[in-house]
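Peer 1: Let me begin by handing over the structure; questions about it come next.
Nothing in this text is a laboratory measurement; each read-out follows from the coordinates by a stated rule. Every value quoted in this text rests on a predicted model; they were computed, and no experiment measured them. Neighbour counts run over all protein chains shown; Cβ positions are idealised from the backbone, glycine included.
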Amino acid sequence: MIHAINDLARHLAGVQSDVDAACARVLHSGWYILGPEVKTFEAEYAAYCGTAQCVAVANGTDALELALRANDIGAGTKVATVANAGMYSTAAIFAAGATPLFVDIDPDTLLMNVDLLTRRIVAGDVQAVIATHLFGLMLDMPRLVNICRSAGVLLIEDCAQAQGAHIGGTKAGAFGDAGCFSFYPTKNLGALGDGGAVITSSAAMADRLRALRQYGWTSKYASAYPGGRNSRLDELQAAILSSLLPHLDAWNEQRRKVAQRYSGAIRHPHAKAPRTSHVSGTNYVAHLYVLRTDRREELKSHLSSRRIAFDIHYPIPDHLQRALSGFVVDVALPETERACMEVITLPCFPEMTDEEVNSVIAAINEW
C-alpha cells in the first residue's frame, strides 16, 4: 500500500538534524530576507551547477518570467515552449508579456521535438526558447545549444524537474543562457515551502535579475527596471536548501534505481515504460516515473483497488486550457494531445523500499 507519489515526511526524516540546525541558525540570526544564508546558497548552487552566478527567487515560475524579462523578452516577441508541462512555462511567458509558440513533442521522450523547433527557428518565428527537461529527462542540449546560438535565439532551460541531471559533466541549466529551477517541496531538491533560482554565467544578466527580484531596484528605493517585483527566497528556505544540497546526487541515484527496476520488470501490453535516457544514464534523474497506456481509466481503477497512489502529469495540454481560450488558436499538437490522454505517474522517490517497488510492479503486471 503506497499512499503517495512522494513521501515527504519519510524524505525529511533522514535529514531532520541537518534541517533543524539550519532553521535554528536562521532563527537565532535575526536576519530573514536576503541575508547571508541566501548568499551562501546562491554560491553553493552555482558551484554545484557549474555556473558563475545564481540568483534565488520566490518560486520557479518567477524564475522563468524574470529570466525572460532580464533579456528583454516581452511584448512583440515569441517564445517556443511545449504544451504538455502543466502551464508553468506558458504562465511565465504570458506574465512577461510575450506570446507562447507551442512546439509538438517527441512521442518517445515526451520532450520538445527539436526538428520541429528548428523549422520554426529557421522560419524566423522564434526570439527565445524555453527548453523544458520534463519528468527528470534532459533534452539533447548540445544539439539545441548549437541550433539556438547559430540563429541568435535566447535559450532558457526549465530545470525544475531535472536538478542534478547532466550530459558529459555539464549540468542541467548550465547549457543555455540561463537555467531556471523550482524548489517546490516535491522536487528532487525541495525546500519546505516555495523557492526558485536562475543560474547563468552572465554577470550582467545576474545583476539585472537581482534588481528585478526586488522591485527593479539598483539601489534601495531606486527602481531602474520595469517589471520588477517582490520575488525573494527567504533566509530560512535558503538555509534548508544548503543543508539538503549535499544529499541531492545520492537521492537522484536512488530515484534512478527505482525507475530502472520499474522499466526492467513491468511487463504489460498496455503499459509503455518511459524513455529514461537518450544521451547517457545521468541525463535522467527520475523526478517522475510516467507510463503511457491507452487504457488509463482502467489502470487508474485497478491501482486504486490495490491502494497504490498515482497521478496524471499532465491531463490538459496548455493550448487547450480554458484560460487560454481566444489567446491560442489554430494550434495542431497531435503528439502532445495524445500523450496527455495516456500518461499516468507511479510512485517514485528515494526512500521507496524494495517491497513497495515490487508491489507496484506486481499490480501493473496483474492488471
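Peer 1: State the answer as a single residue: which of T170, V57, A211 lies farthest towards the positive end of the charge dipole of the chain, with beta carbon charges of +1 for Lys and Arg and -1 for Asp and Glu, about the Cα centre.
Peer 2: About the Cα centre, the residue reaching furthest to the positive side is A211.
Peer 1: Follow-up. State the Cα centre-to-centre distance between the stretch 175-246 and the stretch 91-106 in whole Å.
Peer 2: Taking the Cα centre of the stretch 91-106 as reference, the centre of the stretch 175-246 is 21 Å away.
Peer 1: Nothing charged except the Cβ atoms of Lys and Arg (+1) and of Asp and Glu (-1): what's the magnitude of the dipole of the stretch 12-246 about its Cα centre? Round to the nearest 20 debye.
Peer 2: 520
Peer 1: Next up: Got the relative contact order for the chain handy, in percent, Cα pairs under 8 Å and 6 or more residues apart?
Peer 2: Rounded, it is 23 percent for the chain.
Peer 1: Translational diffusion coefficient, Stokes-Einstein: compute it for the stretch 328-367 using the Kirkwood radius over C-alpha pairs as Rh, at 10 °C and 1.306 mPa s, and state it as an integer in µm² s⁻¹.
Peer 2: For these conditions, the coefficient is 122 µm²/s.
Peer 1: Return, for the Cα atoms of the stretch 1-142, the radius of gyration and Dmax in Å, separated by a comma.
Peer 2: 19.1, 57
Peer 1: Among the lysines, select those whose C-alpha is under 23 Å from the C-alpha of K220, and discard any that sit fewer than 8 residues away in the same chain.
Peer 2: K39
Peer 1: Give the Debye-formula value of log10 I(q)/I(0) at each listed q (0.11, 0.19, 0.21 Å⁻¹), with one equal scatterer per alpha carbon of the stretch 3-69, two decimals each.
Peer 2: -0.41, -1.03, -1.10
Peer 1: Right, next: State the volume of the convex hull built on the alpha-carbon positions of the chain, expressed per residue in Å³ and rounded to an integer.
Peer 2: 132
Peer 1: Between the DSSP loop rule and a limit of at most 12 other Cβ atoms within 10 Å, which trypsin sites (Lys or Arg not before Pro) in the stretch 209-254 are left?
Peer 2: Details: sites: R210, R213, K220, R229, R232; in loops: R213, K220, R229, R232.
Qualifying residues, ordered by number: K220.
Peer 1: P(r) for the stretch 247-366: what percent of alpha-carbon pairs falls in each 10 Å bin, starting at zero?
Peer 2: Histogram of Cα-Cα distances, whole percents per bin: 12, 39, 31, 15, 3.
Peer 1: Suppose only helical runs count, i.e. DSSP H with n ≥ 4. What mean residue ellipticity at 222 nm does that imply for the chain under -39500 (n - 2.57) per run, divided by all residues and rounded to the nearest 500 deg cm²/dmol?
Peer 2: Numbers: 13 runs with 143 residues, N = 367.
Calculated mean residue ellipticity at 222 nm is -12000 deg cm²/dmol.
Peer 1: Could you tally the net charge around G179, taking each other residue with its Cβ under 11 Å from the Cβ of G179, Lys/Arg +1 and Asp/Glu -1?
Peer 2: Details: positive: K171; negative: E157, D158, D177.
Here the charged neighbours net out to -2.
Peer 1: Okay, next question. P(r) tail for the stretch 41-92, what percent of Cα pairs lie past 16 Å? Don't skip to the end; give the middle numbers.
Peer 2: Details: 699 of 1326 pairs.
Cα-Cα pairs of the stretch 41-92 separated by over 16 Å account for 53 percent.
Peer 1: A follow-up question, please. Could you tally the net charge around V79, taking each other residue with its Cβ under 15 Å from the Cβ of V79, Lys/Arg +1 and Asp/Glu -1?
Peer 2: Here the count lands on -4.
Peer 1: Using the crude model of +1 on Lys and Arg Cβ and -1 on Asp and Glu Cβ, and no other charge, please compute the dipole size for the stretch 247-366 relative to its Cα centre, in debye to 20. Intermediate values should be presented prior to the final figure.
Peer 2: Numbers: 15 positive and 16 negative charges, 43 e Å.
Dipole size: approximately 200 debye.
Peer 1: For the stretch 276-336, which chymotrypsin sites (Phe, Trp or Tyr not before Pro) pass both filters: DSSP loop (anything but H, G, I, E, B) and at most 13 other C-beta atoms within 10 Å?
Peer 2: F327
Peer 1: Now a separate question. Rounded to the nearest 20 debye, what is the charge dipole size of the stretch 1-137 about its Cα centre when +1 sits on each Lys and Arg Cβ and -1 on each Asp and Glu Cβ?
Peer 2: The calculated dipole for the stretch 1-137 is roughly 220 debye.
Peer 1: Going Cα to Cα from K171, which aspartates and glutamates come in below 19 Å? Please leave out same-chain ones fewer than 8 positions away.
Peer 2: E42, E44, D140, E157, D158, D249, E253
Peer 1: For the stretch 146-267, what is the convex hull volume of the alpha-carbon atoms per residue, in Å³?
Peer 2: Per-residue hull volume (Cα only) is 157 Å³.
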